[in-house]
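Colleague: Below is a structure I'd like to ask you about.
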Amino acid sequence: MKEVDHKDGIMGLYGETGLERAVLGIIRPRIEAGDDAWTLFYNLLNYGVCMDVIPELVLEKDVSRFYMENGHEMMALLDERLGECRMEARDFIGYQWDAGDPLARRYNNRAMLAKWAFAETAEAIANKIGLEI
């Protein structure tokens, strides 16, 4: 059955980076608890990191911790995306990105970067396990 394969694929991934492992650390328990993998990824990739989809990254303390643990990889991911095209960070992350804070030293940019990087990494994970959204 296809869904079992996706669940097994998620459970079998180790994560190549700390950021991937952190994202898997939030997604895996949801899948283990019975959430449907396709629905979880669909909602995440279409609605973003929000209370109904990834409640683990809504509170300021949780977002700050996630950023502190993975901030360097998030900035590297953003730099990689910016290097691939001639766009600005706000084109990827959202119009509320403060261009005067390119290193995400203030909470608003940290939160936006964390949620964007989480979704980008989740999309990469979905691609790795062949989950078509």
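Colleague: Would you please name the trypsin sites (Lys or Arg not before Pro) within the range 1-92 that are DSSP coil residues with at most 12 other C-beta atoms within 10 Å of their C-beta?
Modeller: Hits after loop and neighbour filter: Arg86.
Colleague: Run the reach check for Lys7 against lysines, Cα to Cα strictly under 21 Å, same-chain hits fewer than 8 apart removed. What comes back?
Modeller: In chain and number order, the partners are Lys128.
Colleague: What does the extension gain come out to for Cys50 and Tyr95, with contour length at 0.36 nm per residue minus their alpha carbon separation?
Modeller: Contour length minus the Cα-Cα distance gives 14.5 nm.
Colleague: So, counting K/R as plus one and D/E as minus one, what does the shell of residues with Cβ under 13 Å around Asn46 add up to?
Modeller: On the way: positive: none; negative: Asp52, Glu123.
Net of charged neighbours comes to -2.
Colleague: Once the other residues with Cβ under 13 Å from the Cβ of Asp98 are scored (Lys, Arg +1; Asp, Glu -1), what is the net sum?
Modeller: Net of charged neighbours comes to +2.
Colleague: Subtracting the Cα-Cα distance from 0.36 nm times the residue separation, let me have the gained length for Glu80 to Asn127 in nm, one decimal.
Modeller: Stretched fully, the Glu80-Asn127 segment lengthens by 15.1 nm.
Colleague: Output the DSSP H helices from the chain with an along-axis C-alpha extent of no less than 27 Å and a mean Kyte-Doolittle hydropathy no less than -0.5.
Modeller: The answer, listed by residue number, is 107-128.
Colleague: How many nm separate the modelled label positions at Arg105 and Asp35, each set 7 Å beyond the Cα in the direction of the Cβ?
Modeller: Rounded to a tenth, the inter-label distance reads 3.5 nm.
Colleague: How compact and how long is the chain, expressed as Rg and Dmax of its alpha-carbon atoms in Å?
Modeller: Answer for the chain, Rg first and Dmax second: 14.7, 50 Å.
Throughout, read-outs are computed from the coordinates displayed, never taken from laboratory work. Quick caveat: nothing in here was measured; it's all calculated off a predicted structure. Neighbour counts run over all protein chains shown; Cβ positions are idealised from the backbone, glycine included.
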